[in-house]
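Trainee: Just dropping this structure here.
What follows draws every value from the coordinates through simple rules; no lab data is involved. All values derive from a computational prediction rather than experimental measurement. All Cβ positions, glycine included, derive from the backbone under ideal geometry; neighbour counts span all protein chains shown.
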Amino acid sequence: MRIIGGEFKGANIYGPKGKETRPTASRTRESLFNILGAAVMGSRFLDLFAGAGAVGFEAYSRGAKRVVMVDNKQIDLIARNCAKLRIKTDDRFHAIRGDALVSMNALISRSEKFDYVFADPPWGEGYENIILEGALLLLDDNGTLILEEDSKMDAPKQNSDGSLVLTKSRRYGSATLNFYSAP
């Protein structure tokens, strides 16, 4: 896996072994960050279900002022990638070992806010609506939730009270990126 843009452009990072973790494809990541553009610079970025951390490292490489990654199984791989890229875990970069939904609630209880919440949960396990509800409490006023899911699935159109709505969807092979923000 390779970082596509920014400070670490071209750097290879370690990917997961086996088929248990499904990394966001390079083409999908490139398209995501082309859509977000320069707004990533200086943003606060949360990567839930981070896996090897390719999306979070891409945000960090492109100048996000704070990146938090959460994963329950691949955190050692994220640490190896930090070492390879010489990224120190500090206020700008933080990795959390834990269940994404439990960690999401812990971040909410600490009143943490993010400009972007990216979530790529295991496909077909019903996490989408839970993430939509939790992301509302994690996003800053003009924040965006990006939910990656199987292209065969129908994306929820909004959260329960309509305060986060689907604004656009982009399909890349078997994956779809769904963007949610306040109406």
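Trainee: State the number of residues belonging to segment 120-134 that are over 16 Å from Gln158 (Cβ atoms) and surrounded by 23 or more Cβ atoms within 10 Å (Cβ to Cβ).
Mentor: So the answer is 1.
Trainee: Moving on to the next point. Under 8 Å between Cβ atoms, at least 6 apart or on separate chains: pull out the pairs that start in segment 93-115 with a residue that is touching a residue at least 24 places away in the same chain (Cβ under 8 Å) and end on any residue that is part of a strand (DSSP E or B) and among the small types (Gly, Ala, Ser).
Mentor: That search, which allows pairs on different chains as well, returns Ala100/Ala119; Lys113/Gly143; Phe114/Gly143; Asp115/Gly143.
Trainee: What is the residue count in segment 135-164 for residues that are out of contact with any strand residue (DSSP E or B) (no Cβ under 8 Å at 6 or more places or on another chain) and either crowded, with 22+ Cβ neighbours inside 10 Å or at positive phi (or both)?
Mentor: Counting residues in segment 135-164 that are out of contact with any strand residue (DSSP E or B) (no Cβ under 8 Å at 6 or more places or on another chain) and either crowded, with 22+ Cβ neighbours inside 10 Å or at positive phi (or both) gives 1.
One line per residue, one yes/no per condition, for (1) crowded, with 18+ Cβ neighbours inside 10 Å; (2) in contact with a Phe, Trp or Tyr (Cβ under 7 Å, 6 or more places away or on another chain):
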{"position": "Met1", "(1), (2)": "yes, no"}
{"position": "Gly6", "(1), (2)": "yes, no"}
{"position": "Ala11", "(1), (2)": "no, no"}
{"position": "Leu46", "(1), (2)": "yes, yes"}
{"position": "Val55", "(1), (2)": "yes, yes"}
{"position": "Val67", "(1), (2)": "yes, yes"}
{"position": "Gln74", "(1), (2)": "yes, no"}
{"position": "Asn81", "(1), (2)": "yes, yes"}
{"position": "Asp90", "(1), (2)": "no, no"}
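Trainee: Quick check on segment 32-49. Is at least one of its residues hydrophobic (A, V, I, L, M, F, W, C), in a helix (DSSP H, G or I) and free of Cβ contacts under 8 Å to residues at least 40 places away in the same chain?
Mentor: Yes, some residue in segment 32-49 is hydrophobic (A, V, I, L, M, F, W, C), in a helix (DSSP H, G or I) and free of Cβ contacts under 8 Å to residues at least 40 places away in the same chain.
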